[in-house]
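Remarks on the structure that follows.
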Amino acid sequence: MLVAGIIAEYNPFHNGHALLIERARQAGATHIVAVMSGNFVQRGEPALFHHSVRARAALGAGADLILQLPVPYAVSGAQSFAGAGVRILDALGCVDELVFGSECGNAELILTAAKAVYSDEVQQRIADEIKTGITFAAARENALRAINPALADIIQSPNNILGVEYAAAIGKIGSKMKPVTFARIG
(Lines give C-alpha, C1' and ligand atoms only; values in the text may rest on other atoms or scores of the structure.)
Protein backbone atom coordinates (compact mmCIF):
# COMPACT_ATOMS: atom_id res chain seq x y z
CA MET A 1 0.00 0.00 0.00
CA LEU A 2 1.32 3.45 -0.96
CA VAL A 3 -0.66 6.52 0.05
CA ALA A 4 -0.03 9.76 -1.82
CA GLY A 5 -1.13 13.15 -0.53
CA ILE A 6 -1.89 16.21 -2.63
CA ILE A 7 -2.44 19.77 -1.40
CA ALA A 8 -4.50 21.85 -3.80
CA GLU A 9 -7.06 24.52 -4.42
CA TYR A 10 -8.61 22.89 -7.50
CA ASN A 11 -9.83 26.34 -8.47
CA PRO A 12 -11.14 25.08 -10.79
CA PHE A 13 -10.25 21.40 -11.11
CA HIS A 14 -8.63 20.99 -14.55
CA ASN A 15 -6.84 18.46 -16.75
CA GLY A 16 -3.49 19.19 -15.09
CA HIS A 17 -4.95 18.21 -11.73
CA ALA A 18 -6.36 15.02 -13.22
CA LEU A 19 -2.96 14.29 -14.78
CA LEU A 20 -1.23 14.68 -11.41
CA ILE A 21 -3.61 12.14 -9.84
CA GLU A 22 -3.03 9.81 -12.80
CA ARG A 23 0.76 10.17 -12.51
CA ALA A 24 0.62 9.46 -8.79
CA ARG A 25 -1.27 6.24 -9.54
CA GLN A 26 1.19 5.30 -12.30
CA ALA A 27 4.04 5.83 -9.83
CA GLY A 28 2.46 3.28 -7.48
CA ALA A 29 -0.02 5.14 -5.29
CA THR A 30 -2.79 2.80 -4.22
CA HIS A 31 -4.65 5.56 -2.37
CA ILE A 32 -4.75 9.33 -2.88
CA VAL A 33 -5.75 11.87 -0.22
CA ALA A 34 -6.16 15.50 -1.22
CA VAL A 35 -6.24 18.46 1.15
CA MET A 36 -8.24 21.12 -0.68
CA SER A 37 -9.16 24.73 -0.05
CA GLY A 38 -12.81 25.32 0.73
CA ASN A 39 -14.85 28.16 -0.68
CA PHE A 40 -12.03 30.69 -0.31
CA VAL A 41 -8.58 30.32 -1.80
CA GLN A 42 -5.19 32.02 -1.58
CA ARG A 43 -5.28 35.81 -1.47
CA GLY A 44 -8.78 35.56 0.06
CA GLU A 45 -10.61 35.23 -3.25
CA PRO A 46 -13.83 33.22 -3.42
CA ALA A 47 -13.40 29.94 -5.28
CA LEU A 48 -14.88 29.72 -8.76
CA PHE A 49 -16.96 26.68 -7.78
CA HIS A 50 -18.34 25.47 -4.45
CA HIS A 51 -15.97 23.13 -2.62
CA SER A 52 -18.34 20.18 -3.08
CA VAL A 53 -18.22 20.56 -6.88
CA ARG A 54 -14.42 20.67 -6.86
CA ALA A 55 -14.22 17.71 -4.44
CA ARG A 56 -16.51 15.61 -6.67
CA ALA A 57 -14.33 16.45 -9.67
CA ALA A 58 -11.21 15.27 -7.83
CA LEU A 59 -12.95 12.09 -6.65
CA GLY A 60 -14.14 11.45 -10.20
CA ALA A 61 -10.54 11.78 -11.41
CA GLY A 62 -9.29 9.15 -8.97
CA ALA A 63 -8.74 10.74 -5.58
CA ASP A 64 -9.99 8.58 -2.72
CA LEU A 65 -10.48 11.15 0.03
CA ILE A 66 -10.78 14.94 0.09
CA LEU A 67 -10.13 16.87 3.28
CA GLN A 68 -10.72 20.60 3.61
CA LEU A 69 -7.91 22.99 4.42
CA PRO A 70 -9.14 25.40 7.12
CA VAL A 71 -9.90 28.89 5.78
CA PRO A 72 -7.16 30.77 7.69
CA TYR A 73 -4.55 28.63 5.94
CA ALA A 74 -6.31 28.43 2.59
CA VAL A 75 -6.27 32.22 2.23
CA SER A 76 -2.68 32.60 3.48
CA GLY A 77 0.60 32.76 1.63
CA ALA A 78 2.58 29.77 0.41
CA GLN A 79 4.34 29.07 3.72
CA SER A 80 1.15 28.82 5.81
CA PHE A 81 -0.82 27.10 3.01
CA ALA A 82 1.86 24.46 2.55
CA GLY A 83 2.58 24.04 6.25
CA ALA A 84 -1.05 23.42 7.17
CA GLY A 85 -1.56 20.99 4.30
CA VAL A 86 1.54 19.04 5.25
CA ARG A 87 0.50 18.91 8.93
CA ILE A 88 -2.96 17.61 8.00
CA LEU A 89 -1.56 14.88 5.75
CA ASP A 90 1.07 13.93 8.32
CA ALA A 91 -1.54 13.73 11.10
CA LEU A 92 -3.30 10.97 9.17
CA GLY A 93 -0.28 8.79 9.92
CA CYS A 94 -0.53 6.87 6.66
CA VAL A 95 0.60 9.25 3.88
CA ASP A 96 3.87 8.10 2.33
CA GLU A 97 4.38 10.73 -0.38
CA LEU A 98 3.44 14.33 -0.97
CA VAL A 99 2.84 14.62 -4.71
CA PHE A 100 2.81 17.98 -6.47
CA GLY A 101 3.43 19.59 -9.82
CA SER A 102 6.34 21.95 -10.28
CA GLU A 103 7.99 23.83 -13.07
CA CYS A 104 11.35 22.09 -12.49
CA GLY A 105 10.01 18.55 -11.97
CA ASN A 106 12.96 17.67 -9.72
CA ALA A 107 12.27 16.74 -6.08
CA GLU A 108 15.96 16.69 -5.10
CA LEU A 109 16.40 20.22 -6.41
CA ILE A 110 13.28 21.34 -4.50
CA LEU A 111 14.64 19.73 -1.29
CA THR A 112 18.03 21.40 -1.79
CA ALA A 113 16.37 24.77 -2.34
CA ALA A 114 14.23 24.32 0.79
CA LYS A 115 17.28 23.57 2.93
CA ALA A 116 19.10 26.57 1.48
CA VAL A 117 16.17 28.99 1.87
CA TYR A 118 15.75 28.08 5.53
CA SER A 119 19.45 28.03 6.36
CA ASP A 120 20.58 30.54 8.97
CA GLU A 121 22.74 32.34 6.43
CA VAL A 122 19.94 32.88 3.92
CA GLN A 123 17.45 33.82 6.64
CA GLN A 124 19.84 36.50 7.90
CA ARG A 125 20.36 37.79 4.38
CA ILE A 126 16.58 37.93 3.88
CA ALA A 127 16.20 40.01 7.04
CA ASP A 128 18.95 42.36 5.86
CA GLU A 129 17.37 42.67 2.38
CA ILE A 130 13.92 43.45 3.81
CA LYS A 131 15.44 46.34 5.75
CA THR A 132 16.18 47.98 2.39
CA GLY A 133 12.44 48.18 1.72
CA ILE A 134 12.03 45.47 -0.90
CA THR A 135 9.34 42.79 -0.84
CA PHE A 136 9.81 39.48 0.95
CA ALA A 137 9.83 37.59 -2.37
CA ALA A 138 12.55 39.83 -3.82
CA ALA A 139 14.54 39.70 -0.56
CA ARG A 140 14.41 35.91 -0.52
CA GLU A 141 15.46 35.64 -4.14
CA ASN A 142 18.35 38.11 -3.65
CA ALA A 143 19.51 36.31 -0.52
CA LEU A 144 19.45 32.92 -2.18
CA ARG A 145 21.08 34.26 -5.35
CA ALA A 146 24.02 35.48 -3.26
CA ILE A 147 24.53 31.93 -1.98
CA ASN A 148 23.53 29.81 -4.99
CA PRO A 149 22.25 31.49 -8.20
CA ALA A 150 20.87 28.22 -9.62
CA LEU A 151 18.67 27.73 -6.57
CA ALA A 152 17.45 31.32 -6.79
CA ASP A 153 16.08 30.51 -10.24
CA ILE A 154 13.97 27.74 -8.66
CA ILE A 155 12.05 30.16 -6.44
CA GLN A 156 10.98 32.35 -9.36
CA SER A 157 8.16 29.99 -10.35
CA PRO A 158 4.94 29.67 -8.30
CA ASN A 159 4.68 25.88 -8.14
CA ASN A 160 8.39 25.52 -7.38
CA ILE A 161 7.86 28.00 -4.52
CA LEU A 162 5.03 25.84 -3.15
CA GLY A 163 7.24 22.77 -3.55
CA VAL A 164 10.01 24.44 -1.55
CA GLU A 165 7.49 25.28 1.17
CA TYR A 166 6.13 21.70 1.15
CA ALA A 167 9.65 20.29 1.52
CA ALA A 168 10.49 22.78 4.27
CA ALA A 169 7.28 21.93 6.16
CA ILE A 170 7.99 18.19 5.89
CA GLY A 171 11.46 18.77 7.34
CA LYS A 172 10.24 21.15 10.03
CA ILE A 173 7.81 18.64 11.54
CA GLY A 174 10.01 15.60 10.89
CA SER A 175 7.40 13.90 8.70
CA LYS A 176 8.16 10.60 7.02
CA MET A 177 6.46 11.84 3.83
CA LYS A 178 8.64 11.92 0.76
CA PRO A 179 8.21 14.84 -1.66
CA VAL A 180 7.50 13.64 -5.22
CA THR A 181 7.11 16.12 -8.03
CA PHE A 182 6.16 15.91 -11.67
CA ALA A 183 6.95 18.59 -14.22
CA ARG A 184 3.89 20.64 -15.11
CA ILE A 185 2.87 20.48 -18.74
CA GLY A 186 1.53 23.52 -20.57
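Sorted by accessible area with a 1.4 angstrom probe, largest first, how do 181, 132, 112 fall?
Numbers: 181 15, 132 100, 112 70 Å².
Highest to lowest solvent-accessible surface, that is 132, 112, 181.
In summary, the aspartates and glutamates within cross-link reach of residue 131, defined as a Cα separation below 18 angstrom excluding same-chain residues under 8 places away, comprise 120, 121, 141. Phi angles across the stretch 98-114 convert, under the Karplus curve 6.51 cos²θ - 1.76 cosθ + 1.60 with θ = phi - 60°, into 3J(HN,Hα) values of 9, 9, 8, x, 8, 6, 7, x, 10, 5, 5, 5, 4, 4, 4, 5, 4 Hz, Gly and Pro given as x. Spin-label model, residue 53/residue 148: points 7 Å from Cα along the beta carbon direction are separated by 4.2 nm.
3J(HN,Hα) couplings calculated from phi for the stretch 83-96 with the Karplus curve 6.51 cos²θ - 1.76 cosθ + 1.60 (θ = phi - 60°) are, in sequence order, x, 5, x, 5, 4, 5, 4, 5, 5, 5, x, 9, 8, 8 Hz; Gly and Pro show x. Backbone phi angles across the stretch 145-159, fed through the Karplus curve with coefficients 6.51, -1.76 and 1.60 (θ = phi - 60°), yield HN-Hα couplings of 4, 5, 8, 8, x, 5, 6, 4, 5, 4, 8, 9, 10, x, 6 Hz in residue order; Gly and Pro are listed as x. Taking amide H positions as modeled 1.01 Å from N, with prolines and chain starts lacking one, the residues under 5 Å from residue 98 and 5 or more places away or on another chain are 5, 178, 180. Please return the longest stretch of the chain lacking exposed loop sites, where trypsin sites (Lys or Arg not before Pro) count only if DSSP places them in a loop and at most 16 other Cβ atoms lie within 10 Å. Longest gap between qualifying sites, sites excluded: 1-130. Using the rule -39500 (n - 2.57) for each DSSP H run of four or more residues, divided by the residues of the chain, the 222 nm mean residue ellipticity is -15500 deg cm²/dmol.
Using the heavy atoms of the protein chains and a 1.4 angstrom probe, tell me the accessible area per residue for the chain in square angstrom. Result: 48 Å² per residue.
Within the full protein context, the accessible area of residue 175 is estimated at about 20 Å² for a probe radius of 1.4 Å. Computed extension length for residue 120-residue 176: 17.8 nm, one decimal, from 0.36 nm per residue of separation with the Cα-Cα distance subtracted. Bridging of residue 115 to lysines at a Cα separation below 22 Å is possible for 172, 176, 178, once same-chain residues fewer than 8 apart are set aside.
Leaving ligands, DNA and RNA out of it, report the carbon-plus-sulfur percent of the accessible area of the chain at a 1.4 Å probe. Reported share for carbon and sulfur atoms: 56 percent. The modelled label-to-label distance for the pair residue 156/residue 106, using points 7 Å beyond Cα in the direction of Cβ, is 1.5 nm. Were the residues from residue 22 through residue 94 laid out at 0.36 nm apart, the gain over their Cα-Cα distance would be 23.9 nm.
The values are calculated or read from the model by the stated rules, or taken from the named source; none is laboratory data. Everything numeric here is computed off the predicted structure, so don't read it as measured data. As a convention, Cβ positions derive from the backbone with ideal geometry for all residues, glycine included, and neighbour counts pool all protein chains shown. Surface accessibility is based on the protein's heavy atoms, side chains included, excluding ligands, DNA and RNA. Shrake-Rupley method; radii C 1.70, N 1.55, O 1.52, S 1.80 Å.
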